[in-house]
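Engineer: Structure in structure tokens, see below.
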Amino acid sequence: MTRLSPPARILIIDDDPSVCASLKLLLKLNGHSSSIAHHPSEALEYLTAEPFDLVMQDMNFSRNTTGAEGLSLLKAIQDHDPDLPIILMTAWATIELAVTGIKQGASDFVAKPWDNPQLMRIIETNLQLSRSEPVNANRQTLDDQFDFTGLIGDDPALTRILQVVARVARTDAPVLILGETGTGKELIAEAIHRNSTRNDATLVKVNLGGIPTSLFESEMFGHVRGAFTDAHRDRQGRFAQAHQGTLFLDELGDLDAHCQSKLLRVLQDQQYQPLGSSDSEHSNCRIVSATSRPLSELVEQGLFREDLLYRLNLIMVEMPPLRHRRDDITVLARHFLAEISAHYQLPDRQLSQDANHWLSVQDWPGNVRELRQTIERTVLMTDQVIIERVHLSDQSTLGGDPGQLMTPAGTTLDQMQAMMIEASMARHQGNISQTARELGISRAALYRRMDKYSIAHDSSDEPGDD
Ligand SMILES: Nc1ncnc2c1ncn2[C@@H]1O[C@H](COP(=O)(O)OP(=O)(O)OP(=O)(O)O)[C@@H](O)[C@H]1O
Ligand SMILES: [Mg+2]
């Protein structure tokens with residue numbers, strides 16, 4: 001079911017009369033009025049004559065299928081009105097053309113033939129977004145209107161992100177959250193769901209880095225009994241669980257090529273088939289995704305599909321590393337100190353001025369998570385009421401702490417590696433991607449070492465793309 005926005009005026013530009021007619025009817029059924037232009041010049045005449053809220057534009061208008069005409073029309077419309085949302089329509093085979101258009105500033109794209117509910121969602125989302133006012137409030141005012149519980153800090157960089165979340169939370173726009181490990185991407189995903197109209201339904205979190213390729217479809221789409229040897233009963237997939245709610249695709253950058261194309265298909269059609277079933281199912285979920293890997297570099301290297309990226313990043317936010325918002329360090333440290341002391345029922349502690357200074361000049365490669373862990377270890381290891389710099393630096397792994405690697409005499413290099421892997425796995429609750437990242441090796445290299453040292457992992461896991 002699509003949430004309807006107020007009636008809009010939409011310009012349909014396509015040389016195929018049947019496409020125009022069916023689109024016009026679909027829009028009418030959804031309460032919107034439209035005009036039809038069969039040719040670029042006709043489209044521009046319409047646009048100068050009356051105001052429109054959105055444009056649906058085909059990419060090819062002649063036998064020449066390079067898309068050049070489509071791209072130059074796109075440019076002409078943008079010159080006429082830079083704020084007008086433009087949705088490109090193109091065949092699956094020429095989806096790259098749409099991607100070029102997106103880079104040139106089109107708002108969104110849809111592949112022909114389309115699925116009506118999915119097309120309406122894309123249209124409604126773009127209307128909602130273009131009608132949503134930018135939010136310029138400060139942290140205090142944001143907190144009066146939105147629920148940003150648990151997100152500590154009022155550095156301008158974080159506030160700007162919360163302003164974006166405030167503006168888009170109530171739309172269905174897909175949001176992509178980038179940023180280094182430990183910067184709070186998951187907290188932002190939770191805040192988006194909490195402040196959306198879907199907050200009565202579930203937020204389903206999927207760690208894409210943790211799903212072996214061979215299990216991807218059954219995990220995401222579910223399966224019916226008997227679909228494969230171990231499928232003893234029907235199982236709901238993540239898309240079904242997230243119906244009416246939000247699906248959080250975490251570690252998106254870890255997805256291999258095969259799974260990327262499966263995911264793109266379902267996002268394109270909003271339809272999927274559980275394994276072993278011949279019936280298509282439909283999921284209405286809002287997609288929020290996150291990764292700490294450099295997605296645009298992965299795209300350049302051909303490791304991540306550009307069309308999938310543009311399906312997911314209608315709204316994109318990049319979490320600043322902690323070292324770029326140093327003013328928040330003291331605030332966060334004080335918050336964690338109180339929270340952790342209360343959690344362990346320990347007396348209140350305070351940080352000395354020198355300790356605060358030390359915290360605020362560290363680089364924190366593990367960002368907020370690392371700051372929190374440093375405070376937690378310190379609280380547990382010292383019984384001083386005033387925490388000094390030395391207490392912190394003793395517990396921190398920053399700058400290489402020899403104490404962390406102290407091993408009994410006679411320990412071999414292999415034993416040490418095995419210990420490090422086990423400790424890191426425990427810290428990351430067995431998450432292979434996060435462990436590999438912390439240790440600075442690829443997932444494949446981690447699997448090899450785990451096999452070598454007989455460290456247990458799910459044997460059906462397969463190394464991904466590396
Ligand atoms: N602004 C913040 N206020 C309070 N706690 C925070 C903030 N940002 C992050 N944290 C805490 O830091 C830890 C890491 O946050 P989170 O899991 O959201 O990071 P992430 O960006 O998803 O990391 P990764 O890429 O490793 O998955 C969590 O314990 C979270 O509660
Ligand atoms: Mg995360």
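Engineer: When the dipole is taken about the Cα centre of the chain, and only Lys, Arg (+1) and Asp, Glu (-1) are charged at their Cβ, what size is it in debye, to the nearest 20?
Structural biologist: Roughly 500 debye for the chain.
Engineer: A follow-up question, please. Relative to the Cα centre, what is the charge dipole magnitude of the stretch 276-336, using +1 at the beta carbon of each Lys and Arg, -1 at the beta carbon of each Asp and Glu, and rounding to the nearest 20 debye?
Structural biologist: Dipole magnitude for the stretch 276-336 comes out near 420 debye.
Engineer: Also: Relative contact order of the stretch 139-318, please, whole-number percent, based on alpha carbon pairs below 8 angstrom and at least 6 residues apart.
Structural biologist: Values: 308 pairs, mean separation 51.7, N = 180.
Dividing the mean separation by the residue count of the stretch 139-318 yields 29 percent.
Engineer: Rounded if a/c is under 1.5, else prolate if a/b is larger than b/c, else oblate: which is the stretch 409-452, with a ≥ b ≥ c the root eigenvalues of its Cα gyration tensor?
Structural biologist: Prolate shape, in that a/c is at least 1.5 and a/b is the bigger ratio.
Engineer: Now, a different point. What FRET efficiency do you get for Arg326 and Ser18 if R0 is 56 Å and r is their Cβ-Cβ distance, rounded to the nearest 0.05?
Structural biologist: Result of the calculation: an efficiency of 0.40.
Engineer: Also, quick follow-up: Where a ≥ b ≥ c are the square roots of the eigenvalues of the C-alpha gyration tensor, would you call the chain rounded, which needs a/c under 1.5, or, failing that, prolate if a/b is larger than b/c, or oblate?
Structural biologist: Verdict is prolate for the chain.
Engineer: If you don't mind, another one. Any chance you could run the full-extension gain for Ala93 through Val390? It's 0.36 nm times the residue separation minus the Cα-Cα distance, nm to one decimal.
Structural biologist: 100.7 nm
Engineer: Further question on the same structure: If each residue's Cβ is checked for other Cβ atoms within 10 Å, how do Tyr272, Tyr344 rank with the fewest at the top?
Structural biologist: Tyr344, Tyr272
Engineer: I would also like to ask the following. Let me check I have the definition right: for the stretch 322-403, take the eigenvalues of the Cα gyration tensor, multiply each by 5, take square roots. What are those semi-axes in whole Å, largest first?
Structural biologist: Sorted largest first and rounded, they come to 18, 14, 12 Å.
Engineer: A further question on this structure: How high is the FRET efficiency between Gln415 and Asp144 when r is their beta carbon distance and R₀ equals 35 Å, given to the nearest 0.05?
Structural biologist: Values: r = 56 Å, r/R0 = 1.59.
E(calc), rounded to 0.05, equals 0.05.
Engineer: When the chain is fully extended, how far beyond the present Cα-Cα distance does Arg334 get from Glu297, taking 0.36 nm per residue of separation?
Structural biologist: Once the chain is fully extended between Arg334 and Glu297, it gains 9.7 nm.
Engineer: Also: Label points 7 Å out from Cα along the Cβ direction at Lys112 and Asp230: separation in nm?
Structural biologist: Computed distance between label sites Lys112 and Asp230 equals 4.5 nm.
Engineer: What's the extension gain from Asn199 to Asp383 if we count 0.36 nm per residue and subtract their Cα-Cα distance?
Structural biologist: Length difference between fully extended and current span is 62.1 nm.
Engineer: Are there any trypsin sites (Lys or Arg not before Pro) in the stretch 300-371 that are in a DSSP loop and have at most 15 other Cβ atoms within 10 Å? List them by number. All intermediate terms of the calculation are to be shown ahead of the outcome.
Structural biologist: Numbers: sites: Arg305, Arg311, Arg323, Arg325, Arg326, Arg334, Arg349, Arg369; in loops: Arg305, Arg325, Arg326, Arg349.
The qualifying sites are Arg326.
Engineer: How much FRET efficiency would the formula 1/(1 + (r/R0)^6) give for Ile455 and Glu186, where r is the Cβ-Cβ distance and R0 is 22 Å, rounded to 0.05?
Structural biologist: 0.25
Engineer: Also, quick follow-up: Could you tell me which helices of the chain pass both thresholds, a Cα extent of 20 Å or more along their own axis and a mean Kyte-Doolittle hydropathy of at least 0.0, with helices taken as whole DSSP H runs?
Structural biologist: On the way: long enough: 116-131 (22 Å, -0.46); 327-343 (25 Å, 0.36); 367-381 (21 Å, -0.43); 413-427 (21 Å, 0.13).
Going by DSSP H runs, the hits are 327-343, 413-427.
Engineer: Based on the alpha-carbon gyration tensor of the stretch 9-131 and its eigenvalue square roots a ≥ b ≥ c, which shape applies: rounded if a/c is under 1.5, prolate if not and a/b is larger than b/c, or oblate?
Structural biologist: Taking the square roots of the gyration eigenvalues as a ≥ b ≥ c, the stretch 9-131 is rounded.
Every read-out reported here was derived from the displayed coordinates using simple, explicitly stated rules and does not represent laboratory data. Everything quoted here is computed from the prediction, not taken from an experiment. Backbone-built Cβ (ideal geometry, glycine too); neighbour counts: all protein chains shown.
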